[in-house]
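Structure first, commentary second.
The values are calculated or read from the model by the stated rules, or taken from the named source; none is laboratory data. All of these numbers come straight from a predicted model, not from anything done at the bench. We place every Cβ from the backbone using ideal geometry, glycine too, and count neighbours over all the protein chains shown. The protein model used for the area step is the full one, side chains on, heavy atoms only, and it has no ligands, DNA or RNA in it. Shrake-Rupley method; radii C 1.70, N 1.55, O 1.52, S 1.80 Å.
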Amino acid sequence: MSNTILGRKLGMTQIFDHLGNAVPVTLIQAGPCTVTQIKSERKEGYNAIQLGFGERKEKRTTKPAKGHFEKSASSPKRYLREATVSDPDLYELGQVITAGIFKVGDVVDISGTSKGKGFAGVMKRHGFSGFKATHGTHESKRGPGSIGASADPSRVFKGKKMPGQMGNRKATVQNLKVVDVREDQHLIAVKGPVPGAKNGLLIIKKAIKKPQTESTPPPPETESDGE
Amino acid sequence: MNTLEMYEKEHMKRDIPDTPIGSNVKVHYRIIEGEKERIQIFEGVVIARKRAGIRSAITVRKVSAGIGIERVFPIHSPKIERIQVTRLGRVRRSKLYYLRALRGKKARIREKDQY
C-alpha cells in the first residue's frame with residue numbers, strides 16, 4: 001500500500017493515555033485520496049502516483065483539469081500531489097487511499113507550509129540576543145551586531161544569518177507517533193504539533209528514519225564498494 | 001460542532017459534578033507508587049475554573065499547617081477518581097485569588113443560602 005496520504009490540519013487538543021497522562025495531539029483529516037495518475041519508469045522516467053485530495057467545485061475546474069480527472073473517473077480535487085512508490089503497477093487509476101494505511105503506533109513524517117511571519121528581524125528569525133535596553137544603548141536595540149570582519153575578507157560570508165522572510169515555507173516534522181486512527185471518519189491523531197495553520201494541507205508519510213512496518217518494502221540496498 | 005470538538009467530547013467524562021466557585025470539594029486522586037495504587041483525597045475551596053473542553057480544570061486551595069496549597073486538577077483526567085462537593089459558598093467573583101492574601105477568619109467563605 002501507499003505510504004503517503006494527503007490531509008488537512010484540524011487543530012490540536014489533548015487526550016489521556018491509559019496511564020492517565022495527558023498527551024498533546026494534532027488531529028488531521030487524512031484522505032480519502034484518489035489516485036489520479038500513475039507515473040512509471042517506462043513512460044515518465046520515475047515511479048510515482050499522483051494523489052488528489054479535497055473537493056473542488058465543478059464550475060471552478062478548468063476544462064483541461066476536468067479532462068485530467070475524467071481519466072481516473074474522479075471528482076475534481078482541490079490538491080494534487082505526487083508520492084513516489086517503488087512499484088506503480090500495484091496501483092490503479094481511481095483507487096482510493098484512506099487513513100487505514102497507518103495504524104496506531106506507526107511513526108510518520110508530516111510536511112506542511114509553516115505559518116508566515118513576514119519579514120522578520122534577526123531576534124525573531126534566528127534567536128539573536130539583541131542589545132541591552134538601557135546602559136547607553138542607542139540606535140540599535142534589536143540589530144544583529146557585527147556581520148563580519150573588515151579588510152580581510154572584505155565581504156560578508158554566504159549563509160550569514162540576516163533579517164528576511166520567516167515562515168511560509170515547506171516544513172517537515174519527522175518521527176511523529178500515530179496515537180489514533182479512524183479510518184471510517186478519515187481521521188488520524190499524531191502526538192505533538194505539525195507545521196502550518198488550521199486547514200492547511202499536510203503530506204503524511206511513513207517515517208524515513210524509523211523502522212518501517214511490514215506493509216512497505218524495505219529500501220533498496222546500497223551497494224558497498226568493497227575494501 | 002466541528003470534528004475537533006467531537007473528538008474531544010468522546011474522550012471527556014460525562015458524569016462530572018458541577019463544582020461552583022467557592023464550593024468546598026474533595027478530590028479523590030489516584031496515585032501510583034511503583035506497583036501499588038492508592039487514592040489520595042485533596043480537600044479545599046475551588047478558587048478558579050478553566051472551561052476548555054477536555055482541558056477543563058479546577059484550582060483547589062487549602063491551608064495545610066499554615067501553608068497555602070493550591071492544586072490544579074484537569075477534571076477529565078482518568079487519574080481523578082471522583083469529585084465530591086461538600087459545601088457551596090456564596091461568592092461574587094469567578095476567581096477567588098484574593099484568598100491568597102487572607103488568612104484565618106478573613107479567608108472564610110459564607111455558605112450559599114439554599115432555597
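Among the residues of region A:68-106, those identified as among the β-branched types (Val, Ile, Thr) and crowded, with 20+ Cβ neighbours inside 10 Å are A:VAL85, A:ILE97, A:ILE101.
State which residue is nearest to B:ILE54 (Cα to Cα) when the search covers only region B:77-93 and only residues that are assigned to a loop (DSSP other than H, G, I, E, B) and within 14 Å of chain A (Cβ to nearest Cβ). Only one residue tops the list, namely B:SER77.
Restricting attention to region A:179-193 and to residues that are in a loop (DSSP other than H, G, I, E, B) and within 14 Å of chain B (Cβ to nearest Cβ), the residue that is surrounded by the most Cβ atoms within 10 Å (Cβ to Cβ) turns out to be A:HIS186.
Going by the conditions given, is A:THR62 over 30 Å from B:HIS76 (Cα atoms), open to solvent by 60 Å² or more (accessible area, probe 1.4 Å) and away from chain B (no Cβ under 14 Å)?
So A:THR62 fits the description; yes.
Among residues of region A:93-111 that are part of a helix (DSSP H, G or I), those with a Cβ under 6 angstrom from a residue that is open to solvent by 40 Å² or more (accessible area, probe 1.4 Å), sequence gap 6+ or separate chain, pair up as A:ALA99/A:GLU183; A:ALA99/A:HIS186; A:GLY100/A:GLU183; A:ILE101/A:MET1. Name the single residue, out of those in region B:54-76 being buried (at least 19 other Cβ atoms within 10 Å of the Cβ) and part of a loop (DSSP other than H, G, I, E, B), that is nearest to the other protein chains (Cβ to nearest Cβ). Step by step, filter region B:54-76, then rank; the result is B:HIS76. For the residues B:TYR29, B:TYR7, the requirement of being part of a strand (DSSP E or B), over 10 Å from the mean Cα position of the chain (by Cα), surrounded by 14 or more Cβ atoms within 10 Å (Cβ to Cβ) and within 14 Å of another protein chain (Cβ to nearest Cβ) singles out B:TYR29.
As for region A:143-155, it holds no residue that is open to solvent by less than 60 Å² (accessible area, probe 1.4 Å), at pLDDT 90 or above, over 20 Å from A:PRO32 (Cα atoms) and not in a loop (DSSP other than H, G, I, E, B). Could you please let me know if A:GLY45 is open to solvent by less than 20 Å² (accessible area, probe 1.4 Å) and either out of contact with any Ser or Thr (no Cβ under 8 Å at 6 or more places or on another chain) or within 14 Å of chain B (Cβ to nearest Cβ) (or both)? No; evaluated as a whole, the condition is false for this residue.
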